[in-house]
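Notes for the one structure printed next.
Please treat every number below as a calculation from the coordinates, not as lab data. On a predicted model such as this, the values are computed, not experimentally measured, just so you know. Positions of Cβ are generated from backbone atoms using ideal geometry, with glycine treated the same way; all protein chains shown enter the neighbour counts.
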Amino acid sequence: QVQLVESGGGLVQAGGSLRLSCAASGLTFSFYRMGWFCQAPGKDREGVAAISWSGGSTYYADSVKGRFTISRDNGKNTVYLRLNNLKAEDTGVYSCAAAREVTNNPRGYHYWGQGTQVTVSS
């Protein structure tokens, strides 16, 4: 049974930082592209960042470039998202997901975590 478990969310002031973690089990982690997605209140889920199976290639949404950093540790079956210089518009539920294809479309991801809430106060 595949499980993705996120942690590290919370309430932070604008300009602050958080580090999200997503621990995976039940799959061969190094075979999967990993993505982070955010669903803000009243909005569709959007891709924030993604990383290739090796960690050698990354993708960032324009809105987070230069502020967020995605990384992974295949030895620990964990993917991370460092969020710096947070803004109120970054508020939402952040979920990690796993895909076998090279895609940034949520529909291409097979496995999903439950998500962790990030709230940025202005």
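Quick look at the values:
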| read-out | value |
| --- | --- |
| Dipole axis of the chain (+1 Lys, Arg; -1 Asp, Glu on Cβ), positive-most option in GLY108, VAL118, SER21 | SER21 |
| Cα-based convex hull, region 19-79, per residue volume (Å³, whole number) | 99 |
| Vicinal HN-Hα couplings computed from phi for region 114-121 (Karplus, 6.51 cos²θ - 1.76 cosθ + 1.60; Hz; Gly/Pro x) | 7, x, 9, 7, 10, 10, 10, 8 |
| Size of electric dipole in the chain: Cβ of Lys, Arg +1 and of Asp, Glu -1, about Cα centre, debye, nearest 20 | 160 |
| Stretch gain in nm, segment ASP62-SER7, where the contour uses 0.36 nm per residue and the Cα spacing is subtracted | 17.4 nm |
| DSSP bridge orientation in the chain - percent antiparallel, rounded to nearest 5 | 90 |
| Relative contact order [Cα under 8 Å, 6+ residues apart], the chain, whole percent | 35 |
| Those Cys residues of the chain for which no other cysteine Cβ falls under 4.7 Å | CYS38 |
